[in-house]
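Peer 1: One structure follows; several queries about it will come next.
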Amino acid sequence: MRFSISRALSRLLFLSGASLVAAEPTSSPTPTPASGQAAPLPKTYGMLLFRGYELLDVFGPLEALAVLARRTKIDLYMLAETLDPVTTEPLMPSMNSFNSSFFPTVNPTHTLANAPDIDVLMVPGGIGTRSPFLNDTIDWIAETYPKVQYLLTICTGSALVAKSGVLDGRRATTNKASWSSMTLYGPNVEWVPKARWVVDGNIWTSSGVSAGIDATMAFIEHLYGEDNATEIANIMEYERHTDPDWDPFSEIWGVPNA
């Protein structure tokens, strides 16, 4: 059996927690920041929470970033309107017709009012994006976006960002099963009907649920290089989709013009 010393050493360092020297970003369709200057690698990540968020939208991307955090110094903040535990349970009983009680909760670390400065804002989706009581959260997204290096949305999280006006005039995608209802929230958005994820400037939007992992892995690859992204995927035993245009679900769900 052929044995690669360099690959074995890389894996040993990865598992042992040795520090990572970030690689130069690999080639990517992602444009450079508007200033034309290379931005420093992000250090602080904020995950937005609201009632009825989708579990994998939050913890899929965070798993990949947690592995990255073994390699380089990054910090995570869990952000919500209050410090009360945030449940995945939908607000309206009509969205829980079987009266299930299968709703984990997450404790925020900060409220939106006292949120620390963040480099990357992550906005998940979920049935809660349909809530009529998220105006403060939507306003906060609009106020916070100009201060961050990157904005990542997962699934129908793009609908919340669209409501804030941040996506106006930009290309974006969203969950294909909810395409018709979610895209109504962004009449001035150039919605891309067939995409696993879409990059427009410093905004990354993903398709539904698991697509958020692929988008996050692509984000890591863009900033830290292909080798690091591949190693993270292998540690997770996750088979990536690396083509942003791979999207069989647009046809499965009958998305127009896909």
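The values are calculated or read from the model by the stated rules, or taken from the named source; none is laboratory data. This one's a predicted model, so the numbers in the text were calculated from it and none came from an experiment. Here the Cβ positions follow ideal geometry from the backbone for every residue, glycine too, while neighbour counts run over all protein chains shown. Areas reflect the complete protein model, heavy atoms only, side chains present, ligands, DNA and RNA absent. Shrake-Rupley method; radii C 1.70, N 1.55, O 1.52, S 1.80 Å.
Peer 1: Working carefully through the options S158, S181, find the one that is of a type outside the set (K, R), farther than 20 Å from L62 by Cα, out of contact with any Cys (no Cβ under 9 Å at 6 or more places or on another chain) and assigned to a helix (DSSP H, G or I).
Peer 2: Residue meeting the stated conditions: S181.
Peer 1: Scan segment 208-239 for residues that are in a loop (DSSP other than H, G, I, E, B), open to solvent by 10 Å² or more (accessible area, probe 1.4 Å) and either farther than 19 Å from T153 by Cα or modelled with pLDDT under 95 (or both) and jot them down.
Peer 2: E237, Y238, E239
Peer 1: Can you give me the number of residues within segment 115-133 that are in a loop (DSSP other than H, G, I, E, B) and either within 19 Å of the chain's Cα centre (by Cα) or under 16 Å from L76 (Cβ atoms) (or both)?
Peer 2: The qualifying residues number 8.
Peer 1: Further question on the same structure: Condition first: assigned to a loop (DSSP other than H, G, I, E, B), closer than 14 Å to M47 by Cα and open to solvent by less than 80 Å² (accessible area, probe 1.4 Å). Now tell me which residues in segment 96-114 satisfy that.
Peer 2: P108, T109, L112
Peer 1: Then there's this: Going by what's in this entry, would L112 be described as touching a residue at least 24 places away in the same chain (Cβ under 8 Å), in contact with a strand residue (DSSP E or B) (Cβ under 7 Å, 6 or more places away or on another chain) and over 23 Å from S207 (Cα atoms)?
Peer 2: Judged against the criteria, L112 is a match.
Peer 1: Say we look at segment 115-137 and pick out the residues that are of a type in the set (V, I, T) and out of contact with any Ser or Thr (no Cβ under 8 Å at 6 or more places or on another chain); which of these is least open to solvent (accessible area, probe 1.4 Å)?
Peer 2: T137
Peer 1: Let me ask something else about it. So which of E89, E143 ends up being touching a Phe, Trp or Tyr at 6+ places or on another chain (Cβ under 6 Å) and charged (D, E, K, R)?
Peer 2: Being touching a Phe, Trp or Tyr at 6+ places or on another chain (Cβ under 6 Å) and charged (D, E, K, R) holds for just one of E89, E143, which is E89.
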